[in-house]
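Please find one structure pasted underneath; my questions will follow.
The values are calculated or read from the model by the stated rules, or taken from the named source; none is laboratory data. On a predicted model such as this, the values are computed, not experimentally measured, just so you know. Reconstructed Cβ throughout: ideal geometry from the backbone, glycine too, with neighbour counts over all protein chains shown. To get the accessible areas, we keep the full protein, side chains included, count just its heavy atoms, and leave off ligands, DNA and RNA. Shrake-Rupley method; radii C 1.70, N 1.55, O 1.52, S 1.80 Å.
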Amino acid sequence: MDHQASRSLQQFKNSVGIRFQLYNSLFTSLPFHRIEKTGTLLSLLLINCEEGYKNKKSPTQIIDEFFTKHTMLVNQKDKLDVLFRFIQFVERQIVLFDALEDATFREINDTTGPGTIKHLEGQITQNQKEQELADKLKDFAIRLVLTAHPTQFYPDSVLGIINDLSKSLKENNTLEINMYLQQLGKTPFFKKQKPTPYDEAVSLIWYLENVFYSAIGRIITFLRSQFPNAVSENNPVINMGFWPGGDRDGNPFVTTEITLKVADALRGAIIHCYYLDIRRLKRRLTFKGIETILTGLEKKLYNNIFIPGQRTPLSKQAMMESLNKVRDILIYENNGLFLHLIDNLINKVHVFGLHFASLDIRQESTIHNIVLETIAAETNFLPKDYAGSNAEQKVDVLTHINTTITNSNFENSLVTDTIETIKAVKTIQSFNGELGCNRYIISQCNSALNVLEVYGLFLLCGWKKEEMSIDIIPLFETVDDLQNAATIMETLYTNKEYAEHLEFRNRRQTIMLGFSDGTKDGGYLMANWGIYKAKEELTAISKKYNIDVLFFDGRGGPPARGGGKTHNFYASMGKNISSKEIQLTIQGQTVSSNFGTIDAAQFNIEQLLHAGISNELFSNKEITLEKNEEELLQHLADISFDAYSTLKNHPYFADYLSHISPLKFYSETNIGSRPAKRSGGNRLSFKDLRAIPFVGAWSQLKQNVTGYYGVGIALQEMERLGKFGQLKVLYKNSLFFKTLIDNCEMAMKKCFFPLTEYLSKDEKYGEIWNMIHNEYELTQKYVLLLSGKSELMSDYPIDQLSIMMRERIVLPLLTIQQFAISNIREIEDHLIHSPLKESYEKLVMRSSFGIINAGRNSA
C-alpha cells in the first residue's frame, strides 16, 4: 500500500470508524418509543449473532436464545415488537454511517489525484496535448441519466437529514449533530403509500438543483478556465438525462399528463436555479450598464416560475446573449472584476439550457405492435390487413406513411397514451428546447421492425420526416438480443428511409445495452462479455456505414447490474469500441451514494470524464483485447454461462427465491411506482421478473449469486485445460478483465453464508444452497489465485473496511429477516392459521430497507 492510500485508510478509521462509535453512543441514550434500552439490547443481539453463526446456529435459534438470555419476555407479540424497535435503531445507525462517509469524502479521496480533472490538466500540459484535447471535446461528452428504478430505500425526509447531518459532522457541531440524531429517531423511514412517478421525479430534481447544478458548473468552469479553446459552444461536454415521468416500460402509472408535468417541473427547476444565481450576481455586479440587463433577466425568470399562466417565451440563446453582454461590460469597462462569477453562470446555461435534463421516453417493444394493430383495426390510417402482414410488408407500410392520425381516443388506454405521448414530445421541445425530450428508447428490442414501428408511429402522429428531431434508441438486453444486435442495426442502416433519418440526425445512432437483464439472463461473465462483443460488432458495422455509434449503458448500482468500478471499464477500452460518448444510467440508490453531495458528484463525474478523455489522448491501444485474449474470455464466458444456466434451471430455483429470500415482499416496500413484475399474475415467472428485485433479493440473502456465479467453475476448468497461466497474464495486462474480477470480488465481499447455512441440510433447498456455497468458495479460491492476493478487495482497503463495518452494523437485521422468513415458511408449509403471520411479513419487508441501504450499491 502506498503512502497516500495508507494515509487515507487511517483518515477513514479516525473520521468514520472512531466517530461512528462516539456518535453511536449518543444514539444509545435516545429513547426509542417505549424501550429505553434499545441500543444496549441491540449490542447484545449483535454479540449473540456473531457467536451464534460461529457455532453454526440458525437465525431462529439465535433470536430465541437472545430473548431467553437477555429479556424476561414470554409473549411472542412482545418479542416481535422489540425486533421492530431494533430495525428502527439499525436504520438510523446506517444513516449515521452514511453521513460520516459523506462528511469525510474530501479527506479520504484524493480529489486532485489520478482520475480527476486536475490530474488530467497536468498530463495534458506536460505532454503538450492541448490541441488533441480540443479535437476530442468537439464531440465527446458524458451523459448521466437519472432513473427512478426502485432501489432508493430512503424517503426524501431522511435524505434531507443525511445532507444536513453530513454538514454538521464536517463542522464537528455536536449540538446540531445531537439534534439531527433526535430528529432521525422520530422521522418515519417507511412510506405508507407508493410514490407516484411525479413524486419520483420531484425527488430526483432535488439532486439536479442541489448537487449536479453546482458540481457540473465547477467542472466546466475549470475546463474552460484552464483550456479556453477546448470547450466549444456546440458541445456542453456533460449532459444530464432523466427517466421518471418518461419511462413507461411496465409502469402503467406513467401517463402523457405525468410526462408533461415532469417536463414542466424540470424547466421550472432550472429557471429557479438561474433566478437565484442572478439575484446573487446582482449583489456583486453593481456596475453601470449591468444592473438593467440583470434586472430584466431576473424579471423574465421570475414571471416564468412564480406567476401562474406566465410561461413567457424564454430561450437559451436569449439568456446567453444577455449574459455575454454583461461579460463584455465587465471585461472592457471594469477590468474583469468578478468575471469568474458571470462565467460560471454562462457555463451552467451552456450545459442545462431550459431543459435541465433530457426527458427520455421509454416503452417496451410489444406495446408498439399492439398500438399499430389497433390503429389498423379501428381506423383507416393503416391497411386493414396490417396485423397479418409479414415483417417486410410492415416495414414498407411504416416507412411510407403520409397521413396524420386525427383520432387518439381508443378504448385501450395504452394505445391512446402512446399516441398522445408522441404528440407531447413536440410540446416539450417547444418550451424546453429540442434537448428537453429528443430520445425514444425501445426496451426488449429484438428486430429492425421494432425500431421502424416507432418511426412509423411518429409519422402517424404528425411528425414530418425532414423535421423528426428524435433519436430512436434500441435497447438490447438478453444474451440472444445482444448476439443479434449488429445484424439488426445493419438492416436499419441499409433501409433507405431510416438511413435518411440518420442523415438528418447528423449520422449518429445511439444504442442502449442493458446490464441488468443481461446478468439475470446469462450470469455475470456472459452478460459483461456479451455486451463487450456486441459493442465491438456494433462499432464495426456502424463504421462500415459511416455512422457514429454512441453506446448508452443501462447500469445499476451493484457489479451484477453493471455498477462497481464503472470508470475503469471505460478507461480499458481500445479503439475497436466506439468512445464518442460515455452514456450511462444512474439508478436510485446509486444517486444518493455516489452523487449525494457536490464533492462526491464532482469526483465521480470527473472519473468518467478522465476515463473517456485520457483513453483517447494517452492510450495507444488499437484494440481492447488481442484475438487470443478474446478467445480466452469467450471460452470463460461460455463455461460460466453453462454453469449459471444449470443453476437457473434447477427445479427449485424459483421456489428458493420465493421462499428463502424477501423477493415476494419487494413490491410492498413502497419505494417505487413501478410494479416488481412486468405482468400481473401471482405465480413467479422468471421472464416477467424485474432484474432489480431479482438482484436485490440475492443481495439480501447475502449470496449475491448474480455477481460471481459461474466464475469459479470457469476458472477451474481453464486450469484443467492448462490455460490458467494465460489468464494470469491477461489479468495483469488487461484493465477490462481486471475490473471484471475486481467487481466480482466486491460482490463476494458482501456475501455471508453462515446466515443461511441452516439450509445446507434442508430436504428441499439443501442441494441448491450447497451449489451456490460451493461456487462461492471455488470462485474465491480461484480469484485469489488469479490476482495473487491473500484476501478479497485488498487493493481497495477503504472500500474493504467500509463494507466490513457496514456488514457488521446490519448483521442483526439480516438475522431478524431470516428469522421472520423461516417462521412464514413454517406457517405456510403446515397450513397453520397464525395471527402473527402479518407481523412476520412486515418484519421481512421492514428489514429490507436497512439491509439495502447499508450495501449502498446492493440493488
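May I ask you to list the residues in segment 845-859 that are open to solvent by 30 Å² or more (accessible area, probe 1.4 Å) and either in contact with a Leu (Cβ under 6 Å, 6 or more places away or on another chain) or not in a loop (DSSP other than H, G, I, E, B) (or both)? Please lay out each step first, then the result.
In the first step, residues of segment 845-859 are kept if they are open to solvent by 30 Å² or more (accessible area, probe 1.4 Å); the result is 846, 856.
Once the filter is applied, which keeps residues that are open to solvent by 30 Å² or more (accessible area, probe 1.4 Å) and either in contact with a Leu (Cβ under 6 Å, 6 or more places away or on another chain) or not in a loop (DSSP other than H, G, I, E, B) (or both), segment 845-859 yields only Arg846.
Now, a different point. Mind checking which residues of segment 459-506 are open to solvent by 70 Å² or more (accessible area, probe 1.4 Å) and acidic (Asp, Glu)?
Hits for segment 459-506 are Glu466, Glu467, Asp480, Glu500, Glu503.
Against the definition (in a helix (DSSP H, G or I), open to solvent by less than 60 Å² (accessible area, probe 1.4 Å) and modelled with pLDDT of 90 or more), how does Phe27 come out, yes or no? Don't jump to the end; show me each part of the working.
Values: in a helix (DSSP H, G or I): yes; open to solvent by less than 60 Å² (accessible area, probe 1.4 Å): yes; modelled with pLDDT of 90 or more: no.
The answer is no for Phe27.
Right, something else. From the list Leu83, Leu46, Leu41, which residue is closer than 23 Å to Asn823 by Cβ, at pLDDT 90 or above, part of a helix (DSSP H, G or I) and in contact with a strand residue (DSSP E or B) (Cβ under 8 Å, 6 or more places away or on another chain)? Give the steps one after another, and end with the answer.
Details: Leu83 fails: in contact with a strand residue (DSSP E or B) (Cβ under 8 Å, 6 or more places away or on another chain); Leu46 fails: in contact with a strand residue (DSSP E or B) (Cβ under 8 Å, 6 or more places away or on another chain).
On inspection, the qualifying residue turns out to be Leu41.
Scan (1) over 24 Å from Ile798 (Cβ atoms); (2) in contact (Cβ under 8 Å) with a residue 12 or more places away in the chain; (3) acidic (Asp, Glu) for the single condition Asp135 breaks and write down its number.
Only one criterion in (1) over 24 Å from Ile798 (Cβ atoms); (2) in contact (Cβ under 8 Å) with a residue 12 or more places away in the chain; (3) acidic (Asp, Glu) is unmet by Asp135, namely (2).
Here is a check on your reading of the model: is Asn823 farther than 28 Å from Gln589 by Cα, buried (at least 21 other Cβ atoms within 10 Å of the Cβ) and not hydroxyl-bearing (Ser, Thr, Tyr)? It would help to see each step written out before you state the result.
Working: farther than 28 Å from Gln589 by Cα: yes; buried (at least 21 other Cβ atoms within 10 Å of the Cβ): yes; not hydroxyl-bearing (Ser, Thr, Tyr): yes.
Considered against the rule, which asks whether it is farther than 28 Å from Gln589 by Cα, buried (at least 21 other Cβ atoms within 10 Å of the Cβ) and not hydroxyl-bearing (Ser, Thr, Tyr), Asn823 comes out as yes.
Turning to a different aspect of this structure: Could you run through segment 428-449 and say how many residues are open to solvent by less than 60 Å² (accessible area, probe 1.4 Å) and outside any loop (DSSP other than H, G, I, E, B)?
The first filter runs over segment 428-449 and keeps only residues open to solvent by less than 60 Å² (accessible area, probe 1.4 Å), leaving 428-429, 432-433, 436-445, 447-449.
Cutting the leftovers down to outside any loop (DSSP other than H, G, I, E, B) gives us 428-429, 432, 436, 439-443, 448-449.
Selection size over segment 428-449: 11.
Give the residues of segment 366-399 that are more than 19 Å from Ser447 (Cβ to Cβ) and surrounded by 13 or more Cβ atoms within 10 Å (Cβ to Cβ), sorted by residue number.
Taking segment 366-399 and keeping what is more than 19 Å from Ser447 (Cβ to Cβ), we get 374-375, 377-381, 383-385.
Residues satisfying the conditions are Thr374, Ile375, Glu378, Thr379, Phe381, Pro383.
Being within 38 Å of the chain's Cα centre (by Cα) and within 24 Å of Pro252 (Cβ to Cβ): is that true of Thr418 here? If you could, list the steps in order and put the result at the bottom.
On the way: within 38 Å of the chain's Cα centre (by Cα): yes; within 24 Å of Pro252 (Cβ to Cβ): yes.
When the stated conditions are applied, Thr418 passes them.
Still on this structure, please answer the following. Hey, does segment 290-309 have a residue that's small (Gly, Ala, Ser), without any contact (Cβ under 8 Å) to a residue 12 or more places away in the chain and outside any helix (DSSP H, G or I)?
Initial filter on segment 290-309 (small (Gly, Ala, Ser)): 296, 309.
Within this subset, residues satisfying the condition of being without any contact (Cβ under 8 Å) to a residue 12 or more places away in the chain are 309.
Next, only the ones that are outside any helix (DSSP H, G or I) stay: 309.
Taking every residue of segment 290-309 in turn, at least one turns out to be small (Gly, Ala, Ser), without any contact (Cβ under 8 Å) to a residue 12 or more places away in the chain and outside any helix (DSSP H, G or I).
Does Asp360 meet the test of being of a type outside the set (Phe, Trp, Tyr) and either free of Cβ contacts under 8 Å to residues at least 24 places away in the same chain or open to solvent by 40 Å² or more (accessible area, probe 1.4 Å) (or both)? Explain how you work it out, then say what you get.
Values: of a type outside the set (Phe, Trp, Tyr): yes; either free of Cβ contacts under 8 Å to residues at least 24 places away in the same chain or open to solvent by 40 Å² or more (accessible area, probe 1.4 Å) (or both): no.
So Asp360 does not fit the description; no.
If you go through segment 801-815 one residue at a time, do you hit one that is farther than 23 Å from Ser592 by Cα, open to solvent by 40 Å² or more (accessible area, probe 1.4 Å) and part of a helix (DSSP H, G or I)?
First, pick out the residues of segment 801-815 that are farther than 23 Å from Ser592 by Cα: 812, 815.
So of that shortlist, the ones also open to solvent by 40 Å² or more (accessible area, probe 1.4 Å) come out as none.
No, there is no match, as no residue in segment 801-815 is farther than 23 Å from Ser592 by Cα, open to solvent by 40 Å² or more (accessible area, probe 1.4 Å) and part of a helix (DSSP H, G or I).
Within segment 141-154, identify whether any single residue is touching a Pro at 6+ places or on another chain (Cβ under 6 Å) and part of a loop (DSSP other than H, G, I, E, B), and answer yes or no. It would help to see each step written out before you state the result.
Filtering segment 141-154 for residues touching a Pro at 6+ places or on another chain (Cβ under 6 Å) gives 148.
With the extra rule that they be part of a loop (DSSP other than H, G, I, E, B), the set shrinks to 148.
Looking through segment 141-154, at least one residue is touching a Pro at 6+ places or on another chain (Cβ under 6 Å) and part of a loop (DSSP other than H, G, I, E, B).
Still on this structure, I have one more. Filter segment 266-289 for residues that are without any contact (Cβ under 8 Å) to a residue 12 or more places away in the chain and over 36 Å from the mean Cα position of the chain (by Cα) and give the result.
Correct list: Arg283, Thr286.
Given the conditions (1) part of a loop (DSSP other than H, G, I, E, B); (2) more than 30 Å from Ser214 (Cα to Cα); (3) modelled with pLDDT of 95 or more, report the number of the one that Leu372 does not fulfil.
Going through the list (1) part of a loop (DSSP other than H, G, I, E, B); (2) more than 30 Å from Ser214 (Cα to Cα); (3) modelled with pLDDT of 95 or more, Leu372 breaks only (1).
Looking at (1) hydrophobic (A, V, I, L, M, F, W, C); (2) more than 25 Å from Tyr708 (Cα to Cα); (3) open to solvent by 30 Å² or more (accessible area, probe 1.4 Å), which is the only condition Ile613 fails?
(3)
Report, ordered by the first and then the second residue, all pairs with beta carbons closer than 6 Å, sequence separation of six or more or different chains, a first member in segment 561-584 that is under 24 Å from Thr706 (Cα atoms) and at pLDDT 85 or above, and a second member that is part of a loop (DSSP other than H, G, I, E, B) and among the β-branched types (Val, Ile, Thr).
Final answer for the pair search is Met573/Thr624.
Specify the residue that is nearest to Val549 (Cα to Cα); the eligible residues are those in segment 570-592 that are in a helix (DSSP H, G or I) and open to solvent by 10 Å² or more (accessible area, probe 1.4 Å).
In the first step, residues of segment 570-592 are kept if they are in a helix (DSSP H, G or I); the result is 570-571, 588-592.
Pick out the ones that are also open to solvent by 10 Å² or more (accessible area, probe 1.4 Å) and you get 570-571, 590, 592.
Values: Tyr570: 15, Ala571: 18, Thr590: 27, Ser592: 30 Å.
Filtering first and then ranking leaves Tyr570.
Take Ala391 and tell me if it is of a type in the set (Gly, Ala, Ser), in contact with a Gly (Cβ under 8 Å, 6 or more places away or on another chain) and modelled with pLDDT of 95 or more.
On the way: of a type in the set (Gly, Ala, Ser): yes; in contact with a Gly (Cβ under 8 Å, 6 or more places away or on another chain): no; modelled with pLDDT of 95 or more: yes.
Against the criterion (of a type in the set (Gly, Ala, Ser), in contact with a Gly (Cβ under 8 Å, 6 or more places away or on another chain) and modelled with pLDDT of 95 or more), Ala391 does not qualify.
Moving on to the next point. When you look at Ser790, is it over 23 Å from Lys79 (Cβ atoms) and either touching a Cys at 6+ places or on another chain (Cβ under 8 Å) or of a type in the set (S, T, N, Q) (or both), yes or no? Step through it out loud before you land on a result.
Working: over 23 Å from Lys79 (Cβ atoms): yes; either touching a Cys at 6+ places or on another chain (Cβ under 8 Å) or of a type in the set (S, T, N, Q) (or both): yes.
Against the criterion (over 23 Å from Lys79 (Cβ atoms) and either touching a Cys at 6+ places or on another chain (Cβ under 8 Å) or of a type in the set (S, T, N, Q) (or both)), Ser790 qualifies.
So which residues in segment 400-415 are more than 28 Å from Glu500 (Cα to Cα) and either open to solvent by 30 Å² or more (accessible area, probe 1.4 Å) or in contact with a strand residue (DSSP E or B) (Cβ under 7 Å, 6 or more places away or on another chain) (or both), if there are any at all?
Asn407, Asn409, Glu411, Asn412, Ser413, Leu414
While we're here: Looking only at residues that are surrounded by fewer than 19 Cβ atoms within 10 Å (Cβ to Cβ) and of a type in the set (A, V, I, L, M, F, W, C) in segment 826-844, which one is farthest from Gln61 (Cα to Cα)?
Filtering segment 826-844 for residues that are surrounded by fewer than 19 Cβ atoms within 10 Å (Cβ to Cβ) and of a type in the set (A, V, I, L, M, F, W, C), the one farthest from Gln61 (Cα to Cα) comes out as Leu831.
Would you be able to say whether some residue in segment 108-117 is within 29 Å of Leu208 (Cβ to Cβ), buried (at least 17 other Cβ atoms within 10 Å of the Cβ) and in contact with a strand residue (DSSP E or B) (Cβ under 8 Å, 6 or more places away or on another chain)?
No, every residue in segment 108-117 fails to be within 29 Å of Leu208 (Cβ to Cβ), buried (at least 17 other Cβ atoms within 10 Å of the Cβ) and in contact with a strand residue (DSSP E or B) (Cβ under 8 Å, 6 or more places away or on another chain).
Cβ contacts < 7 Å: first residue without any contact (Cβ under 8 Å) to a residue 60 or more places away in the chain, restricted to segment 827-841; second residue outside any helix (DSSP H, G or I), any location; separation 6+ or different chain. Result?
Listed pairs, sorted by first residue: Ile827/Ser834.
Name the pairs: first residue in segment 483-500 and closer than 21 Å to His400 by Cβ and hydroxyl-bearing (Ser, Thr, Tyr), second residue open to solvent by 30 Å² or more (accessible area, probe 1.4 Å) and modelled with pLDDT of 95 or more, Cβ to Cβ under 7 Å, at least 6 apart or on different chains?
Tyr493/Ala499; Tyr493/Tyr545
Given the criterion closer than 27 Å to Leu100 by Cα, open to solvent by 30 Å² or more (accessible area, probe 1.4 Å) and under 17 Å from the mean Cα position of the chain (by Cα), identify the matching residue among Phe595, Phe603. Outline the logic, then answer.
On the way: Phe595 fails: open to solvent by 30 Å² or more (accessible area, probe 1.4 Å).
Only one candidate passes the filter, namely Phe603.
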